[in-house]
Every structure is written in C-alpha cells, then in structure tokens.
Amino acid sequence: MIRLATIGTSSITENLLMALAQVDGVEFVGTLSRDAERAAAFTAKHRGTCPFTSLDELAASDEVDAVYIGSPNALHHHQALACIAGGKHVLVEKPFCANERQVREVLEAAGRAGVVALEAMRPLHDPAFHALKNALDELGTIRRATLRFGKYSSRYDEVLAGRRTNIFDCSMASGSLMDIGIYTVEPLIELFGAPISACAAASLLDEQTRGLTGGPIDGAGVIVASYPNMIATLHHSKITNDCSPSQIEGELGTLVIEGISAPERAYLEMRVIKAAADTVGYSSAQTSTREIELPHADNTMIYELADFIEAVGATQAGTPLTEAPCGPFGMLAHFHEVTLASLALMDGARRTMGVAFPADE
C-alpha cells in the first residue's frame, strides 16, 4: 500500500483525494499546511492520521511514501526537491515547474534518488483522450490542428477589484498559459511531438494592474506551432469564455473535440466517397458524421493517480526508472519527454509574449 500525503488544501487537492477513494493500492496519510488548524481539519476530513505543518517534517516522515504537490506553481520546484531528498515519490500538479530548467533539475534529482516524479496532466492519462488519438489515422494527411481552452476566471475579478491573486502573479509563475493554456500544449506534444518552430502572442492584463501582478502577465493568448506538413494553433484564455470546440483537420476528414482537457464529446466529419465511371474519389462537398464513443469518468484524476501508483509500485519492486510502466499509454520516461518538450515550448512562448518569472533568472 502506497502511503500518500498532500501539499495544499485547495479544490484541486480535494479532487485528487476524491479520486484516491477509487484507486487501489494507495491510502491518504495527511496534508501539509502552514496553518496547523487547517492541516489538522483537512487531514481529519479525509480520514488521514498525520497532519504536517512544515515541509521538512513531511519530507522526513517515515509514514509517507509519496507526495502529491498541489501548491501554487512557483513552489513546485522547491517542494518537489525537498520531498525527493527525503526519499519520497512525487506527483506534481501541472505545470510541473515554472520552466524547463526547473523540470530537468527535479527529474535529475528523482533519477539519482530512484524515486518517481510525474506531472499530474489529466488528459495524457485519460482513455477518452487516447480514443481521440486512435481516430487520427482516419483523417488522412493531417494539415491543421486548432486546440482551444478558454474560461473566464473569477480571480480576474479580484484583479479588477484591486486585489492580488495567485492566478495572475508573476512571482507565482501563473497566468493564462501556465494555468489553462497548458491543457492545449501538452495534448499537442502528445499527439504530434515537438514543433519545428513556434511563435506566440498574448493579451496582457492592463498596465495599471502590474503592481498586483508583479509585471506583465497574460490573460489570453495564442501559440502558432509549425510542423513539416501541418500547422497548429493553440488558443487559451482566463479573461474570456471560448465557446468553440477544438478540431484536427485532415485531407479526408475533421475530428471535432468538445473539452480538450477532459474530452466530453467528439465526432468525425468525414468526406463521402463517391464513385465515378472510371475512378473512386471523395466528395469535396458531402460529409458524413460519426460520433466517437468516449470512456467517461466523473473524476478523471483517477487515471493519473492510478498510473502514478503503478510506476511507484514498479520501482519499489526493483524496476529501473527508465523502464517503469506508467499506465496503459506510456512508460514513465515518455511522460517526462512530453513534460520537458511542453515546458520548452511554453518558455519560448512566454519570451515572445514578454512574460517573465523570477525562476527564469
């Protein structure tokens, strides 16, 4: 049984612990909060036994095998390194760290310690997403992909009211791309690999907010990624609602996706085959629609947690990290590659947008 502790008491941590109740081989030990009463109350609420009030205490605890890190983005690097130094496996909420350099440092430390470090990126472990991936061959030569995720954040109202918030704060390594745009970046990398080139543009929050945000920060943006035979555009926003679906367009048809972070519905719009007297071709005007059956889970965090537990169990049984299985859709090493390529793309996008974090120095 893997004994899991958590860092943070936010809603994302609540969701992770709701998923934990549906995953075999793991039990909740306790949570870390700087507020002792909050740590005790949150731990008791979820039937844990060991609340923690300091990172050093958690990292040194003999009661903990693994840690889920659900704290603000800027804290992931330090907290992951501390837990790894204490011999703990770490499941780190997206984005894994503030930039690619920090990710490499954490993965190298995990490699030296022989523990699992995995980013909690839901769609990469979700069978519904991989049902979409399996449908790509039907599209023929893929020429264009448009991945979108935009949701107005109530935290933006806080900024407009003159109050500071972690979601729009350079010191917390946040902003639209890091918080929500990553759900378009990592699926792109999983489906098509790293692009050969990319550029980006952003709608930055108004200049008068920078005393609250600690510098220029993105409220919405677009990345254009180029591949040898296709182009991809990634759209993200936390200051507007994006009501359009994502889609992947091939020469024979188009895959339409509703909900790229947790696919809810998808269908193929395929060109119809038409037979002429001496040849068989495809209509340029007629299409047929076919729904794709997607597996459904009320809480898709069960998949990333189950894959993490599998990787931890394999390493505890003696499997080298480089060979550790991590669920049905890839080895642990594969998910490391996706995380690194994604953060590299996001680092470049932020440089183009003019968004910098303290960690970039």
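The values are calculated or read from the model by the stated rules, or taken from the named source; none is laboratory data. Everything numeric here is computed off the predicted structure, so don't read it as measured data. Note that each Cβ is placed from the backbone with ideal geometry, even for glycine, and that neighbours are counted across all protein chains shown. Side chains are part of the model used for accessible areas, which takes the heavy atoms of the whole protein and leaves out ligands, DNA and RNA. Shrake-Rupley method; radii C 1.70, N 1.55, O 1.52, S 1.80 Å.
Observations, loosely collected:
- Nonlocal amide H pairs with residue 204, under 5 Å, H built at 1.01 Å: 219
- Judged by the mean number of other Cβ atoms found within 10 Å, the most tightly packed of the peptides 149-156, 91-98 leads the ranking 91-98, 149-156.
- Accessible area of the range 67-221 belonging to carbon and sulfur atoms, whole % at 1.4 Å probe: 48 percent
- For the listed peptides 311-323, 178-190, a ranking on the average number of other beta carbons within 10 Å per residue, highest first, reads 178-190, 311-323.
- Counting only protein heavy atoms and a 1.4 Å probe, the range 164-272 has 36 square angstrom of accessible area per residue.
- Note that the range 304-345 presents 37 Å² accessible area per residue, ligands and nucleic acids not counted, probe 1.4 Å.
- Take each peptide in 217-230, 71-84, count the other Cβ atoms within 10 Å of every residue, and average; sorted highest first, the result is 71-84, 217-230.
- Of 330, 30, 259, the residue with the greatest mean-square motion in the GNM of the chain, using alpha carbon springs below 10 Å, is 330.
- Of 45/88; 94/133; 94/151; 88/238, those spanning more than 26 Å from alpha-carbon to alpha-carbon: 88/238
- In degrees, nearest ten, helix 36-45 long axis to first principal axis of the chain (Cα): 60 degrees
- For residue 92, distant residues with modelled amide H under 5 Å away: 69, 118, 119, 120
- Over the range 27-89, accessible surface divided per residue gives 47 Å², non-protein components excluded, 1.4 Å probe.
- On the basis of the beta-carbon distance and an R0 of 45 Å, residue 241 and residue 316 show a calculated FRET efficiency of 0.50.
- The accessible surface of the range 233-360, taken with every protein chain in place and a 1.4 Å probe, is 52 percent carbon and sulfur.
- Degrees, to the nearest 10: 182-192 long Cα axis against longest axis of the chain: 60 degrees
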